[in-house]
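Below is one structure, written out as structure tokens; comments come after it.
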Amino acid sequence: MTIRIATLSSLCVLTFASACTDDEGNPPPTPTGCKAPGTLCWDFEEGTVPAGWTPYRDEFSGQLLVDTSRAHSGQYALHAKEMVGGKEGSQGGPKKTLRFNLPANFGPVLWGRAYVYTTPERPMSHAGLFNARYPRPGQTGGAFDTLDWYEVATYQQKYMSIWHPPEPPGFPEWVQVSDTPLVLNAWTCLEWHFDGANGNEPEAADPRVWLNGEELAWPEKFVFSDPPTSTPPVKEKASNFTVLETGVFLYQGLSVPTDWWIDDLAVGPQRIGCALD
Ligand SMILES: [Ca+2]
């Protein structure tokens, strides 16, 4: 009996720890869906870029459009089409994105959710999918290039999350790389938690990310900067997230033409979850 209890306990820790608890042992909050106050959801069923989103980055080849080539819900999704340009290992890659200004007083905690489909190959280069930005301490607004930011991306064919100081240059940045390969040729539900308040802690929290409800682990964490440094950035705390960016943004080259679709994108002050309601 003692052995059986020990076995079950170990199984929970090894198999389900990431799904049922965070680093402090707290369970993730119950999802609230799109109806919760302050939550914004986009299903792209307008058939065009939704109101409030405006084109931002446009580098190298490809297109970013709302079309019917593949959808998670309904008929339409945001499609980063035939992205290509530059070479792996060299800075500069295809970037096609949209920006959105959040309503005032969004708050310092941003949960997000998006369904993402990628084909045909996993990029080696840093491929950003979503980021959210906020003014530095003591500021209440300001231009895009003055804002601290959190990012969800893939890198070396695996999921990645980052905390950045303002871009340019966007570093020294705190990088977390998962041991989970980017899922190809299937819709996946990505969720993220950007906690810029982080209770009484002196700095904003590290980003957290879930794939189809399972929290990702980050066996590889490091500081990236050019020139290199080993000193981590101070993750400045947030008062209000102010700007979102989505689409696909490669920071190094991409030699294989690659398509991404993003659908059922949502952000809110509470966990939204993967259900469409
Ligand atoms: Ca849709």
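The values are calculated or read from the model by the stated rules, or taken from the named source; none is laboratory data. Since we're looking at a predicted model, the values are computed, not measured. Counting neighbours? That spans all protein chains shown, and the Cβs are built from the backbone with ideal geometry, glycine included. Surface areas here come from the heavy atoms of the whole protein model, side chains and all, with no ligands, DNA or RNA. Shrake-Rupley method; radii C 1.70, N 1.55, O 1.52, S 1.80 Å.
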* Structure fact -> Taking 0.36 nm per residue of separation between Gln91 and Ser69 and subtracting their Cα-Cα distance, the length gained on full extension comes to 4.9 nm
* To do: Give the peptides 77-83, 54-60 in descending order of average Cβ contacts within 10 Å, highest first.
  => 77-83, 54-60
* To do: Find out how many positive minus negative residues lie around Trp261, taking Lys and Arg as positive, Asp and Glu as negative, among other residues whose Cβ is under 10 Å from that of Trp261.
  => -1
* the stretch 88-141 and the stretch 35-69: distance between their alpha carbon centers, rounded to Å -> 13
* Could you check how much of the accessible area of the stretch 34-112 is carbon and sulfur, as a whole percent, using a 1.4 Å probe? => 48
* **the chain - Rg over Rh from alpha carbon coordinates, Kirkwood radius** => 0.96
* With 30 Å as the limit, write out which pairs from Lys87/Lys237; Lys35/Lys95; Lys96/Lys221; Lys81/Lys235; Lys81/Lys237 have Cα-Cα distances beyond it, or answer none. => Lys87/Lys237; Lys35/Lys95; Lys81/Lys235; Lys81/Lys237
* Heavy-atom accessible area per residue - the stretch 31-268, 1.4 Å, Å² -> 40
* **Principal axis box of the stretch 36-151, alpha-carbon based, largest edge first, Å** => 43, 38, 20
* To do: Compute the signed sum of charges (Lys and Arg +1, Asp and Glu -1) over the other residues within less than 10 Å, Cβ to Cβ, of Ala114.
  => -2
* For the residue pair Thr140 and Lys35, what label-to-label distance in nm results when each label sits 7 Å from Cα along the Cα-to-beta-carbon direction? -> 3.5
